[in-house]
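Read through the structure below, which is laid out as C-alpha cells, and then see the notes.
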Amino acid sequence: MVSDGQVADFQRDGFLVLEGFARPGACAAARERAEEIVEAFEPSSHRTVFTTNDQVRVSDELFLSSGDRITCFFEEEALAPDGTLTVPKEQSINKIGHALHDLDPVFERFSYTPELAEVAAAIGLPDALALQSMYIFKQPSIGGEVGCHQDATFLWTDPISVVGFWFALEDATLENGCLWAAPGGHRGPLRQLFRRAAGGGTEMETLDETPLPRPPDELQPLPVPAGTMIVLDGLLPHWSDANRSPRSRHAYSLHCISAAAAYPASNWLQRAEDMPLRSLAGHAAARREGSSA
C-alpha cells in the first residue's frame, strides 16, 4: 500500500496523502451510519459542544467519559444562548466520538483493515493500537474552525507515538474546510499538553513557548477527493478553517498509538478496564479469518 518513497515523504513532511484508499462503498456506508446515529440521538437539556480553541472550557463530564462510548457533540453555532437549536438536529452535530471503531459494526469494519494495518507498519507503527475515533461533519455554513494543534497534545504517550489516520468521506476543498498542515513541522517540539486536572476538569500545560504556525499563511492546504486517507504524525501542526460554504465536509478520523508506549492516567481520554485497546493488525487479521471460515 505504501512505497519506500512515500515512507520517505512521510518522514520528511510529517503527513502522507493516499488518494483512493477508502472504497466508495465504504465511505457511503460510513456516512449512512453516521446519519442513523444522529437521527437516533436525543439531545438532553445539557448540550455539549466541541471546539479545540477553548478545550478546557468545554471539558464537561460527558466529554471526559466519552472514551469508551458513542457520543454526539454539537457545533458551537448550532446552539442559541438559551441552549435551543438554531438549525435542524441533523445539521447541528460537530462530531461523533470516541469509540465508534469498537462499538459500531460499520465503523469497526472501516477501521480494522489489513490495508490500514499495513500502512501503519510501513510508517513505523507495527504494533498500532486503535485509541479513538471521530466522525466529523464540518456542517454547511456553521462548521467550526479546528485551531492549529498537534495531536500529541491531546493523546500523549511516553514516548510520543500517536498517529492520525484521517479519511475524507466527501470531497474536502478550500471552500468547505479542508485540512492544512505545516510540512516538516513534526520535527519541532510538542508545545502543549492537555490533561485531566488534579482537582477535576482539565487543564492545558505549556511545554514549549515556540509558537505554532499561523494559519493559513504558514500552512499548506490539503484539498482531497472523497476516499483519500491523510496520515498525520502526532507532532505535526495542522488546522482546518470554518466551513461557510453550502456543502458539508464529512470525514472520519482514527488515532492509533504504539502498544509499547506508556499511556498515562492523566490523559483526558480513558476507557473502562473491561474495554482494552485492540491491535489494528491483530483485529483485522481475526476479522479476515472469521469471514473466510
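The values are calculated or read from the model by the stated rules, or taken from the named source; none is laboratory data. Predicted model only: the values in this text are computed from it and were never measured. Methodologically, a virtual Cβ is constructed for each residue, glycine included, from the backbone with ideal geometry; neighbour enumeration extends over all protein chains shown.
Just a few scattered comments:
- Leu85 satisfies every condition listed in (1) in contact with a strand residue (DSSP E or B) (Cβ under 8 Å, 6 or more places away or on another chain); (2) buried (at least 17 other Cβ atoms within 10 Å of the Cβ) except (2).
One line per residue, one yes/no per condition, for (1) surrounded by fewer than 18 Cβ atoms within 10 Å (Cβ to Cβ); (2) closer than 21 Å to Phe107 by Cβ; (3) modelled with pLDDT under 95:
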position	(1), (2), (3)
Gln6	yes, no, no
Asp13	no, no, no
Ala28	yes, yes, no
Glu32	yes, yes, no
Phe41	yes, yes, yes
Val49	no, no, yes
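- Extreme residue, surrounded by the fewest Cβ atoms within 10 Å (Cβ to Cβ), among residues of region 175-198 that are touching a Ser or Thr at 6+ places or on another chain (Cβ under 9 Å) and closer than 22 Å to Gly227 by Cα: Glu175
- Count - residues of region 202-238 that are in a loop (DSSP other than H, G, I, E, B) and either at negative phi or over 17 Å from the mean Cα position of the chain (by Cα) (or both): 21
- From the list Thr153, Thr228, the lone residue that is crowded, with 21+ Cβ neighbours inside 10 Å, free of Cβ contacts under 8 Å to residues at least 60 places away in the same chain and in contact with a Leu (Cβ under 7 Å, 6 or more places away or on another chain) is Thr153.
- Odd one out for Pro126, checked against (1) under 26 Å from Leu64 (Cα atoms); (2) surrounded by fewer than 23 Cβ atoms within 10 Å (Cβ to Cβ): (1)
- Taking region 103-145 as the range and being acidic (Asp, Glu) and more than 29 Å from Asn243 (Cα to Cα) as the test, the residues that pass are Glu115, Glu118, Asp127.
- Listed by first and then second residue, the pairs linking a residue in region 251-277 that is surrounded by fewer than 20 Cβ atoms within 10 Å (Cβ to Cβ) to a residue that is part of a loop (DSSP other than H, G, I, E, B) and of a type in the set (A, V, I, L, M), with Cβ atoms under 7 Å apart and 6 or more places separating them unless they lie on different chains, are Asn267/Leu155.
- Candidates Ala198, Ala226, filtered to the one that is farther than 27 Å from Leu79 by Cβ, hydrophobic (A, V, I, L, M, F, W, C) and modelled with pLDDT under 95: Ala198
- Helices (runs of 4 or more DSSP H) contained in region 73-154 and holding at least 1 residues polar (S, T, N, Q) and at pLDDT 95 or above: 105-111, 151-154
- Cβ-Cβ distances below 8 Å connect the following pairs, each with a first residue in region 7-34 that is on the phi < 0 side of the Ramachandran plot, a second residue that is polar (S, T, N, Q) and surrounded by 14 or more Cβ atoms within 10 Å (Cβ to Cβ), and a separation of six or more residues or different chains: Leu16/Gln6; Val17/Thr228; Leu18/Gln6; Leu18/Thr228; Glu19/Thr228; Phe21/Thr228; Ala22/Thr228.
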